[in-house]
Amino acid sequence: MDAHGAELVDVVESICGLPVQNPQEEVFSSADLRWTCYGTTEHHDMVVLIPFERVDGFIIGECANVEAPTRFHIEKGKKRSPGSLKDYKEDEYLEQKLYWCSFGPEDYGEDGGVLPSRKYRLNTRNRAARPQSMRGCTCRFEVIRLYARPVVALIKYIERRHVNRAGFICHGPLDKDAIGPGAKKTPYLSSNIKQQTMSMIYLGIPEENVLEKHIEGIQRYCGLDEKVMVLASQDVHKLGMIIKRSTHELALDDQASIRMWVEGHKKSIFFYQDSSETDAFILGIQTEWQLQQMIRFGHQSLIAADSTFGIKRLKYPLCTLLVFDSRQHALPVAWVITRSFSKSDVTKWMKALVDRARSIEPGWKASAFMIDDAAADVDPIRDVFACPVMFSLWRIRRTWLRNVIKKCHNSEVRREIFKRLGQLVYSIFNGVNYSVAMEELLEDFVDQTTFLEYFKAHWVPKIDMWLSAMKSLPLASQEASGAIETYHLKLKTALFDDSHLGALRRVDWLVHRLTTEVYSSYWLARYADGSDSFQNVKEEYIASTSWHRALQIPDSSIEFDEKAHLFAKVYSPKDANKIYLVWNPGSEFAFCECAWSLQGNLCKHVIKVNMMCQSSGGYHPSMSLQSLQERLLDLWRRPMDDSISLDLAVAWSYQMLDQIQKYVELNGSKDISSIVNNFPVQWASKGVRTSLGVPSSRISSGKCTNDAVERRNKKRKRLSQLR
């Protein structure tokens, strides 16, 4: 069955063997017929044979399409007299007419935007039931009365869907952008209301709850009456139909489908490069809302990358650029779909992204860019973003932990191997040769053959590259790593659902999921956090990171092994009888036995214990802090002559230290007034003090008034002298 309900068969090159179908119903449509692919494998059409006298019944049935009610008009036609041909083909015409949907073909909507309705009637043939709404529909078919069999008609569908050239539904109940003469009488739907409603539908919220919130949004712009309530209900139902029946397949061929999507969503694309013999496929997606969030939270702040999502399961890997919002949650602000990681290709899309942000905010600049892959080329980042590059440990920690749990079945062996892997990473700071630590690991756990085979095959050849990246780049904090991991898990849940496994190799499916469900979930979460409209969504969003969940655990629930520092006990605040053991406390490679950690995730118990270790002392500092100390010590060890350059370096250092101290004080304070009261009083000159707090417009107008009075006085003085 195809998307329209008609059965398909293999491609045939002759219509001689096709049956003449004659449905019993007086009025019938394409869904009642069995269609055949006629032509060649490369180029074929959907055809069917019916009695010529039944053509009117077919056209009436097509006009009564529930999803796209319309009329079909004859766009062009031709005919020839019987007996005029001596030699003819089996599909030669006696009469041929092209029927076109009357909602086209004037405006094709090539930019995918809203197509405005006409407010006047054209002096043309009967175009449609609503002649003022010609919206570029490309649905059309040919009716060919066969020369060889005049009683038989060959119907050839050129485009069966009621879509514009961009591939989007352009009229009917499923058209989300349809407007017409009655638009002035309908309640105003802002983009926020529309996006809010669609996001709730995507998240599976019941329709009655969606309608309730939808009506609350409309109330801000107009009063409520019976008609508005009915229209609001229709809006919600219509958006639900659009979402339910929308499809990612705009064409059978994935590449053609992506081209159509790109043509219709130019505002949501910051870079596109189609695949060819010389160029790799690159698609950069960023909606206008994501651009706003990038400018707001990325300026003078951090940008992070979840760089190689789905590298084994998707047709093209997905790279996500993230910013950290006001709650320090990772927020996706751009998606890049490509298999190419070459310097030239990465530079292209990074430059396009930064240029787009600076076209709105010319001074936009990131403070640092976090990577999670040691193989990533940092030169394009430094060239385009012009900021320091940091390294996040979340990917290597998660990968190692998952494989230790999967391939080792003894709990003691698991935590010991994970601890030794951590020591392997810590060797870059304590001066130990990592090769010695790795040899000891391989010798001590020689009986763990499954894990060692995996480690030797996947990590031994490239461990030097990863450790070199960790040593040469500043390391990100555990809070940042946990936020990135939370986004990664949410994306994995949304994309790798069992019901969609068959579509993973299609790029159009990936784009559809990202721009609908994933995008809507983050939009609604941020909207709920800022407006307090959806308390349950807001609470779920706030508690989505392990770092925030760790903050809810009281310090009194933590008990340390004071003698050997081997483990820490975390008592559940809800159930005192439930205890979680965290082994190797104070390390990024601490091991917890809770269910969340056994799935390979960074859990709240590990984070809370590490917080306590850093504040109590007696434990090694975090790797991010050790990384910072290494760089400061390295700078201090460098010799410098006793010159002005030294004075300038000292001045900059103290300025930076002062800013850091103020930021720490602000971040740790619960009462902003206590900080404001400590600010030094800034005195102004006498002339300036008189105008403090006065709007500049009033100052300037007052100045003009005084000048005018002075000129009038001078004029009076001159006149008095003349008298």
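The values are calculated or read from the model by the stated rules, or taken from the named source; none is laboratory data. Everything numeric in this text was worked out from a predicted model, so none of it was measured. As a convention, Cβ positions derive from the backbone with ideal geometry for all residues, glycine included, and neighbour counts pool all protein chains shown. The accessibility values were calculated without ligands, DNA or RNA, using every heavy atom of the protein model including side chains. Shrake-Rupley method; radii C 1.70, N 1.55, O 1.52, S 1.80 Å.
Structure data summary
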| read-out | value |
| --- | --- |
| Residues satisfying the stated conditions in segment 1-43, i.e. part of a strand (DSSP E or B), open to solvent by less than 70 Å² (accessible area, probe 1.4 Å) and either of a type outside the set (Phe, Trp, Tyr) or at pLDDT below 85 (or both) | Val11, Val12, Val20, Thr36, Cys37, Gly39 |
| Every pair of residues 6+ apart whose Cβ atoms lie under 9 Å, when the first sits in segment 208-235 and is over 22 Å from Leu174 (Cα atoms) and in a loop (DSSP other than H, G, I, E, B) while the second is modelled with pLDDT under 70 and among the hydrophobic types (A, V, I, L, M, F, W, C) | Tyr221/Leu189; Cys222/Val228; Leu224/Ile218 |
| Criterion (outside any helix (DSSP H, G or I), in contact with a helix residue (DSSP H, G or I) (Cβ under 7 Å, 6 or more places away or on another chain) and either more than 30 Å from Gly530 (Cβ to Cβ) or not aliphatic (A, V, I, L, M) (or both)) met by exactly one of Ala280, Ala334 | Ala280 |
| Positions within segment 546-558 being closer than 14 Å to Glu479 by Cα and either in contact (Cβ under 8 Å) with a residue 60 or more places away in the chain or of a type in the set (A, V, I, L, M, F, W, C) (or both), in sequence order | Ser546, Trp547, His548, Ala550, Leu551 |
| Any hit, segment 412-419, residues being under 23 Å from Lys471 (Cβ atoms), open to solvent by 20 Å² or more (accessible area, probe 1.4 Å) and either hydrophobic (A, V, I, L, M, F, W, C) or at pLDDT below 90 (or both) | no |
| Residue within segment 427-435 that is in a helix (DSSP H, G or I), among the β-branched types (Val, Ile, Thr) and either under 30 Å from Leu625 (Cα atoms) or touching a Ser or Thr at 6+ places or on another chain (Cβ under 7 Å) (or both) present | yes |
| Selection count, segment 86-101, where residues are in a loop (DSSP other than H, G, I, E, B) and either among the small types (Gly, Ala, Ser) or surrounded by 14 or more Cβ atoms within 10 Å (Cβ to Cβ) (or both) | 3 |
| Flag for Phe297 being open to solvent by less than 40 Å² (accessible area, probe 1.4 Å) and part of a strand (DSSP E or B) | no |
| Subset tally (residues that are charged (D, E, K, R), more than 12 Å from Ala483 (Cβ to Cβ) and either modelled with pLDDT of 95 or more or open to solvent by 20 Å² or more (accessible area, probe 1.4 Å) (or both)) for segment 323-345 | 2 |
| Check on Phe591, more than 30 Å from Gln293 (Cα to Cα) and touching an Asp or Glu at 6+ places or on another chain (Cβ under 8 Å) | no |
| Among residues of segment 327-345, those that are under 15 Å from Ala305 (Cβ atoms) and free of Cβ contacts under 8 Å to residues at least 40 places away in the same chain, counted | 1 |
| Count of residues meeting criterion [closer than 27 Å to Ser481 by Cβ and either without any contact (Cβ under 8 Å) to a residue 12 or more places away in the chain or assigned to a helix (DSSP H, G or I) (or both)] in segment 346-373 | 7 |
